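Have a look at the structure that comes next, please.
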Amino acid sequence: MSAAFLTIISCGQEKPVTPDDVIVDASQWDEDISVTIPDDVLEEGYYKDVMMDGGTYLTSRERLPACDSFDISLDFLMGERYPTSHADSIFQIQKFVGSEVDHNGFLMYPDGKPRYKVFYSCGGSSGSHGRCLGAAGRNAVRTFFRNGGSYQGSCAGAFLASVGSSGVVGDPSSTFYAIWPGHTTSSGLNTQTPTGMFIEPGSGLLNYFDFGGDMYVDSVRHHGGCYTVDLIPGTEVLARYDYPAKEMHQKASIWAWKNNRHSGRVICCGSHPEEVDGGERMELMGAMLMYSMDGRGVAEVKQVLHKGEQYIADKESTANDPLHAKIGDGQYHHFAVGIPSTAKNVRFRLEYFGDYEINVLAKRGTFAFENNADSKVVSNDNAKELLLESVEGGTWFFSVHNNSRPDSVIDEHGNVNYTGKTELLNGIAYRVSVSWE
């Protein structure tokens, strides 16, 4: 694309978005142009890569060595392994479900889309943690997964992902996330015993490392973890146990499942490679994280816009109107437009209120992101226009990207608390429109 192809106009401060301002003049619409939307483009807009759950009844951690080594951004939640009061549980539920400060909960944006690429669950007591979250907390994890966020769990985290496990007494729906539709069973190996793992031929983990060329990882710590009882169709076996003295031998030790292109990918591991600082065991953890991130949901269009049409995003998550929800911190909202080849001076206009960097991006034929846009407007101006003086006709994608984020601090309990522009957690209202001559 030549430098003369486009002109960018950034306007000054303007009034905030209000529904009364919306005027749609359908008489201005040109003849409909066929719009083609790709269904294989991964979403790129997130607050961070990984949220690690070390909450109540789970092992608390402040770091994952694989994240440090492979430049994967991480947040974490810490709780009491054996809580002595309900305060810790209440705090945890508010983090998952929402609070006065963060109506959506930390896992999701106002429209229910995932705020992280991956939700990682540490080891511990799966039953106690699942029950402690309550139905609303478990449903938040399910929504996160269904709307495109991947899930990864070690040991207890693998149990939690299933629909149930042998030996668990009570109602499975009060314990498990049921985001992988199969059952687990305990290995019966309840000491801190290392096991080997055979990397399955064709395993997705081999996309990232060859594990010394022998497709084998030695001495992975095991402590009461699980394996699969039933390999539900669509389940990928990524690795198998090497422990001949137990029934677990050659059973799936790491497995993955993805419901559809819109959902995330579940990866379960019955053992504990997450704590190791180097070597093949850390590569094993890194490969699982990367395969989880690469299995996140695809980008989706908020609306196909027509000439002269305006779109308003001004709803809180509590309004239960995800189509018109505000944009979250780090999030993209995507729009597709069918533009005729005769169009001149195509203008995509964005308006919002407040001191935030919310950018406009455009690309022909596929979703527009900061790293691939044919054109963009990057500024803190509340009203801005992206102007394409002449275009090749067809499907154009315009994206609104909220590049602002609140500040965060670690409190005395090791948990992340937000400061500064905390209103970003509940999203920023905006409106957009497209027009041409």
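The values are calculated or read from the model by the stated rules, or taken from the named source; none is laboratory data. On a predicted model such as this, the values are computed, not experimentally measured, just so you know. All Cβ positions, even for glycine, are placed from backbone atoms using ideal geometry, and neighbour counts span all protein chains on display. Heavy atoms of the whole protein, side chains included, go into the accessibility calculation; ligands, DNA and RNA do not. Shrake-Rupley method; radii C 1.70, N 1.55, O 1.52, S 1.80 Å.
Please work out whether the stretch 379-437 counts as rounded, prolate or oblate from its C-alpha gyration tensor, where a ≥ b ≥ c are the square roots of the eigenvalues and a/c under 1.5 means rounded, while otherwise a/b larger than b/c means prolate and anything else oblate?
Note, shape of the stretch 379-437 comes out prolate.
Taking a virtual spin label 7 Å from the Cα of Ala136 along the C-beta vector, which residues in the stretch 401-437 bring their backbone nitrogen under 12 Å of it?
None, by backbone N distance to the label point.
In whole Å, what is the distance between the alpha-carbon centres of the stretch 307-365 and the stretch 100-132?
27
Please state the charge dipole magnitude for the chain, taken about the Cα centre, from unit charges on C-beta atoms (+1 on K and R, -1 on D and E), reported in debye and rounded to the nearest 20. Show your work: numbers first, answer last.
Details: 36 positive and 57 negative charges, 173 e Å.
About 820 debye.
Now for a separate question. Please work out the average accessible area per residue across the stretch 305-377, using the 1.4 Å probe convention, and give it in Å².
On a per-residue basis, 33 Å².
Another question about this same structure. What does the helix-only formula give at 222 nm for the chain: each DSSP H stretch with n ≥ 4 adding -39500 (n - 2.57), the total divided by the residues, and the result rounded to the nearest 500 deg cm²/dmol?
One gets -4000 deg cm²/dmol as the mean residue ellipticity at 222 nm.
Work the Kirkwood hydrodynamic radius out for the stretch 339-387: mean of 1/r over every pair of different alpha-carbon atoms, inverted, in Å.
When all Cα pairs of the stretch 339-387 are included, the Kirkwood radius is 11.8 Å.
How many nm separate the modelled label positions at Asn259 and Leu231, each set 7 Å beyond the Cα in the direction of the Cβ?
Taking the simple label geometry, Asn259 and Leu231 are separated by 2.3 nm.
Related question: Compute the Cα gyration tensor for the stretch 245-317, then decide on rounded, prolate or oblate, letting a ≥ b ≥ c be the square roots of its eigenvalues: rounded whenever a/c is under 1.5, prolate when a/b is larger than b/c in the other cases, and oblate in all that remain.
On the way: a/c = 3.89, a/b = 2.80, b/c = 1.39.
Judged from the Cα gyration tensor, the stretch 245-317 comes out prolate (a/c at least 1.5, a/b above b/c).
Using a cut-off of 9 Å between beta-carbons, work out the net charge of the residues near Phe211 (Lys and Arg +1, Asp and Glu -1, Phe211 not included).
-4
For the chain, which whole-number percentage of the solvent-accessible area (1.4 Å probe, protein heavy atoms only) is attributable to carbon and sulfur atoms?
Numbers: 8380 of 17060 Å².
Heavy-atom surface of the chain belonging to carbon and sulfur, 1.4 Å probe: 49 percent.
Next question. If the cut-off is 29 Å between C-alpha atoms, which lysines fall inside it for Lys421, apart from same-chain ones fewer than 8 positions away?
Counting by Cα, and skipping residues close in sequence, Lys421 has these lysines nearby: Lys15, Lys48, Lys95, Lys113, Lys117, Lys302, Lys315, Lys326, Lys376, Lys384.
Can you give me the angle between helix 87-97 and the longest principal axis of the chain, using Cα atoms only, in degrees from 0 to 90, rounded to the nearest 10?
Helix 87-97 sits at roughly 40 degrees to that axis.
I would also like to ask the following. Binning at 10 angstrom from zero up to the longest distance, how are the C-alpha pair distances of the stretch 46-168 distributed in percent?
13, 48, 34, 5
Taking the alpha-carbon centroid of each part, what is the distance from the stretch 401-437 to the stretch 156-211 in angstrom?
The distance from the Cα centre of the stretch 401-437 to that of the stretch 156-211 comes to 35 Å.
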